[in-house]
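The values are calculated or read from the model by the stated rules, or taken from the named source; none is laboratory data. Please read all numbers here as calculations on a predicted model, not as lab measurements. FYI the Cβ positions are ideal-geometry reconstructions off the backbone, even for glycines, and counts take in every protein chain you see.
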Amino acid sequence: MAEIGKDIFKARDMLEKGEVIGIPTETVYGLAANALNENAVVSIFKIKERPFFDPLIIHLPSIQSVEKYAELSDARLLKLARAIWPGPLTLVLQKKEIIPDIVTSGLPNVAVRIPNHTLSLELLKNIDFPLAAPSANPFGYVSPTEARHVNRQLGDKIRYILDGGACEVGLESTIVGVEEDSVCVYRLGGLAIESIEQLIGKVEIRVNQSSNPKAPGQLKNHYSPHKPLYIGNIENLLKERKETKVAILHFGEKEYRNHLAFNLSKRGDLDEAAIHLFKYLRLADESEAEIVICEWLPEQGLGRAINDRLKRASAQNQ
Ligand code: TXA
Ligand code: MG
């Protein structure tokens, strides 16, 4: 098992030696290494069992520091960056020479973000390289929102996890870039589309559903618990399914007293549901239930990103 602690200088020393460690962010925990050290980046892919064609996000402490690694010249993206960073926004930008190809899987663009987490920002300010960090879960599984989630799954492969408590957003960052002069959203995430459009007007949603996506975070079957997950009307699903041990993920006032039930938000708050989603998917997965059933959330605010994750998590059963 890895050590869990709050020592950013220990974290810094390990990163400087090319080690991979767990770090907190406001979205989900990351599996971090020096983005400029190719061997360290290779270790991330190995630990996560992630295919090398799936590029990584680099994490930086400030907008000024972005300039050294990427071209942040588009006025709309710059406006988003200034308004949202540090925050749950990742920008896909033209990369500069200094970023190794292994980080971007050979793409001319690099994904960049400034995380909104005190401990990780402190750490980033104390190192002179960006941190490449995918979510700290085995490839394809649910992202971790607590240090112990990371330890349970990857604790035998890393030595240290920086403990920043439970993630305040709970969903991965929203990924935004520019294509043929249109601003495009490539991944729905912890920053709602409404918040983006308020700042820069209409954007195109290009969230891929195919099995041959540009970015594997867009894979049809991703973010999956090990148990089969079915989405729809909960009463109907309870009648239709023959399995007796069922875990229910639901939203709002209704209660399901005769079942193992996880309420994403009793008061119907989508931000609260986002914070709970991955934790409850894990608990359902670790429970005695044979299947997980859940309902769609309202398609607004973070509800869209939550529904996107549920759809992918259930993809093998459709
Ligand atoms: O909230 C987050 O973004 C978390 C925390 C740790 O920062 N990180 C995260 O990383 O979710 P990861 O690797 O699990 O997901 C990153 C997504 C992947 O789907 C990847 O394909 C896409 O970003 N991506 C990375 N670089 C890209 C690029 N140059 N162009 C398009 N997509 C890119
Ligand atoms: Mg991920």
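Residues checked against (1) within 24 Å of I193 (Cβ to Cβ); (2) in a loop (DSSP other than H, G, I, E, B):
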residue: Y280; (1), (2): yes, no
residue: A284; (1), (2): no, no
residue: E288; (1), (2): no, yes
residue: I293; (1), (2): no, no
residue: W296; (1), (2): yes, yes
residue: G301; (1), (2): yes, yes
residue: R304; (1), (2): yes, no
residue: K311; (1), (2): yes, no
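Does the range 50-64 contain any residue that is of a type outside the set (G, A, S), at pLDDT 95 or above and assigned to a helix (DSSP H, G or I)?
Among the residues of the range 50-64, at least one is of a type outside the set (G, A, S), at pLDDT 95 or above and assigned to a helix (DSSP H, G or I), which makes the answer yes.
What's the total number of residues in the range 23-48 that are farther than 18 Å from R187 by Cβ and within 13 Å of ligand 1 (Cβ to nearest atom)? Steps first, answer last, please.
Within the range 23-48, the first condition is being farther than 18 Å from R187 by Cβ, and the residues that meet it are 23-24, 32-47.
Narrowing the set further to residues that are within 13 Å of ligand 1 (Cβ to nearest atom) leaves 23-24, 32-33, 35, 41, 44-45, 47.
So the count comes out to 9.
Give me a count of the residues in the range 79-99 that are of a type outside the set (D, E, K, R), over 12 Å from I196 (Cα atoms) and either at pLDDT below 95 or more than 13 Å from ligand 1 (Cβ to nearest atom) (or both).
Summing the residues that are of a type outside the set (D, E, K, R), over 12 Å from I196 (Cα atoms) and either at pLDDT below 95 or more than 13 Å from ligand 1 (Cβ to nearest atom) (or both) in the range 79-99 gives 1.
For (1) in contact with a Lys or Arg (Cβ under 7 Å, 6 or more places away or on another chain); (2) of a type outside the set (K, R); (3) free of Cβ contacts under 8 Å to residues at least 24 places away in the same chain, each residue gets a yes or a no:
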{"position": "L154", "(1), (2), (3)": "no, yes, no"}
{"position": "I158", "(1), (2), (3)": "no, yes, no"}
{"position": "T174", "(1), (2), (3)": "yes, yes, no"}
{"position": "E180", "(1), (2), (3)": "no, yes, yes"}
{"position": "R187", "(1), (2), (3)": "no, no, no"}
{"position": "G190", "(1), (2), (3)": "no, yes, no"}
{"position": "E194", "(1), (2), (3)": "no, yes, no"}
{"position": "E197", "(1), (2), (3)": "no, yes, yes"}
{"position": "V207", "(1), (2), (3)": "yes, yes, no"}
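Which ranges mark the strands (runs of 3 or more DSSP E) fully within the range 160-207 that have 3 or more residues being closer than 30 Å to M14 by Cβ?
160-162
Which condition does F53 not pass, out of (1) surrounded by fewer than 17 Cβ atoms within 10 Å (Cβ to Cβ); (2) more than 16 Å from ligand 2 (Cβ to nearest atom); (3) farther than 26 Å from G165 by Cβ, if it passes all the others?
(2)
Quickly run through the range 5-22 and pick out the residues that are under 11 Å from I158 (Cβ atoms) and more than 15 Å from ligand 1 (Cβ to nearest atom).
Scanning the range 5-22 gives M14, E19.
Check S105 against each of (1) touching a residue at least 60 places away in the same chain (Cβ under 8 Å); (2) farther than 17 Å from N34 by Cβ; (3) within 16 Å of ligand 2 (Cβ to nearest atom) and name the one condition it does not meet.
With respect to (1) touching a residue at least 60 places away in the same chain (Cβ under 8 Å); (2) farther than 17 Å from N34 by Cβ; (3) within 16 Å of ligand 2 (Cβ to nearest atom), S105 is out only on (1).
Are any of the residues in the range 17-31 more than 27 Å from L277 (Cβ to Cβ) and surrounded by fewer than 18 Cβ atoms within 10 Å (Cβ to Cβ)?
yes
Output the number of the condition that K96 fails; it satisfies all remaining conditions of (1) in contact with a Ser or Thr (Cβ under 9 Å, 6 or more places away or on another chain); (2) free of Cβ contacts under 8 Å to residues at least 60 places away in the same chain.
(1)
Within the range 73-82, can one find any residue that is more than 16 Å from ligand 2 (Cβ to nearest atom), over 21 Å from the mean Cα position of the chain (by Cα), surrounded by fewer than 17 Cβ atoms within 10 Å (Cβ to Cβ) and not in a helix (DSSP H, G or I)?
Checked the range 73-82: at least one residue is more than 16 Å from ligand 2 (Cβ to nearest atom), over 21 Å from the mean Cα position of the chain (by Cα), surrounded by fewer than 17 Cβ atoms within 10 Å (Cβ to Cβ) and not in a helix (DSSP H, G or I).
Cβ-Cβ below 9 Å, separation at least six or inter-chain, first residue in the range 284-297 and of a type in the set (S, T, Y), second in a strand (DSSP E or B): which pairs?
That search, which allows pairs on different chains as well, returns S287/A247; S287/L260.
Can you tell me which of V150, V169 is within 21 Å of I275 (Cβ to Cβ), hydrophobic (A, V, I, L, M, F, W, C), within 10 Å of ligand 1 (Cβ to nearest atom) and buried (at least 22 other Cβ atoms within 10 Å of the Cβ)?
V169
Looking at the range 125-141, can you tell me whether even one residue there is at pLDDT below 95, within 16 Å of ligand 2 (Cβ to nearest atom), buried (at least 18 other Cβ atoms within 10 Å of the Cβ) and over 14 Å from V20 (Cβ atoms)?
yes
One residue is enough: does the range 256-272 have a residue meeting the conditions over 15 Å from H226 (Cα atoms), modelled with pLDDT under 95 and of a type in the set (K, R)?
yes
On the given criteria, is R12 touching a residue at least 60 places away in the same chain (Cβ under 8 Å) and surrounded by fewer than 21 Cβ atoms within 10 Å (Cβ to Cβ)?
yes
What pairs come out if I take residues in the range 33-57 that are of a type outside the set (A, V, I, L, M, F, W, C) and pair them with residues that are assigned to a strand (DSSP E or B) whose C-beta lies under 8 Å away, six or more apart or interchain?
Going by the 8 Å Cβ cut-off, the qualifying pairs are N34/L131; N34/A132; S43/A33; K48/L31; P55/V110; P55/A111.
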